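Take a look at the structure set out below.
The values are calculated or read from the model by the stated rules, or taken from the named source; none is laboratory data. These figures come from a predicted structure and were not determined experimentally. Cβ sites come from the backbone with ideal geometry, for glycine too, and all protein chains shown count toward neighbours. Side chains are part of the model used for accessible areas, which takes the heavy atoms of the whole protein and leaves out ligands, DNA and RNA. Shrake-Rupley method; radii C 1.70, N 1.55, O 1.52, S 1.80 Å.
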Amino acid sequence: QVQLVESGGGLVQPGGSLRLSCAASGFTFSRRAMSWYRQAPGKERELVARITSPGGSTSYVDSVKGRFTISRDNSKNTLYLQMNSLKPEDTAVYYCYFPNYWGQGTQVTVSS
């Protein structure tokens with residue numbers, strides 16, 4: 001069974017940083033593109049960042065470009081999202097995604 005387990009969320013002040021992790025199992029991680037999505041209350045889930053397999057290409061939604069960095073460690077089957085210069089509008093539940101599978105999500109709250 002595919003398992004995706006996110007961690008690293010929390011409460012931070014505007015301008016702060018967090019690093020999210022997604023531990024993956026149940027598939028050949030290194031062969032698959034992976035993504036981070038987020039969903040704020042009352043909003044649709046949106047694609048935040050994507051990384052190809054084996055990790056040579058990344059893409060980001062315009063609102064996070066320059067602040068967020070997606071990366072992967074294929075030896076550890078782990079996906080990361082480094083989030084810097086966080087803004088209140090980044091507040092959401094963040095999800096790791098592999099086609100047709102979602103992790104449980106990790107809450108990120110940016111507030112003073």
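Structure above, values below:
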read-out	value
Members of the range 82-112 found to be part of a loop (DSSP other than H, G, I, E, B), closer than 24 Å to PHE27 by Cβ and either out of contact with any Gly (no Cβ under 9 Å at 6 or more places or on another chain) or among the basic types (Lys, Arg) (or both), listed by number	PRO99, ASN100, GLY103, GLN104
From TYR95, TYR60, TYR37, residue being at pLDDT 95 or above and open to solvent by less than 40 Å² (accessible area, probe 1.4 Å)	TYR95
The range 4-17, residues that are part of a strand (DSSP E or B) and either open to solvent by less than 30 Å² (accessible area, probe 1.4 Å) or free of Cβ contacts under 8 Å to residues at least 40 places away in the same chain (or both)	LEU4, GLU6, GLY10, VAL12
One residue from LYS65, LYS43, LYS87 being over 16 Å from SER7 (Cβ atoms), of a type outside the set (S, T, N, Q) and either surrounded by 15 or more Cβ atoms within 10 Å (Cβ to Cβ) or free of Cβ contacts under 8 Å to residues at least 12 places away in the same chain (or both)	LYS65
Residue in the range 46-57 that is nearest to SER30 (Cα to Cα), counting only those that are at pLDDT below 95 and surrounded by 15 or more Cβ atoms within 10 Å (Cβ to Cβ)	SER53
Search result, residues across the range 71-92 that are touching a Leu at 6+ places or on another chain (Cβ under 9 Å) and either farther than 19 Å from VAL12 by Cα or at pLDDT below 95 (or both)	SER71, ARG72, ASP73, LEU79
Members of the range 18-51 that are in a strand (DSSP E or B) and over 30 Å from SER112 (Cα atoms)	ALA24, SER25, MET34, ILE51
Count - residues of the range 13-64 that are in contact with a Phe, Trp or Tyr (Cβ under 8 Å, 6 or more places away or on another chain) and among the aliphatic types (A, V, I, L, M)	6
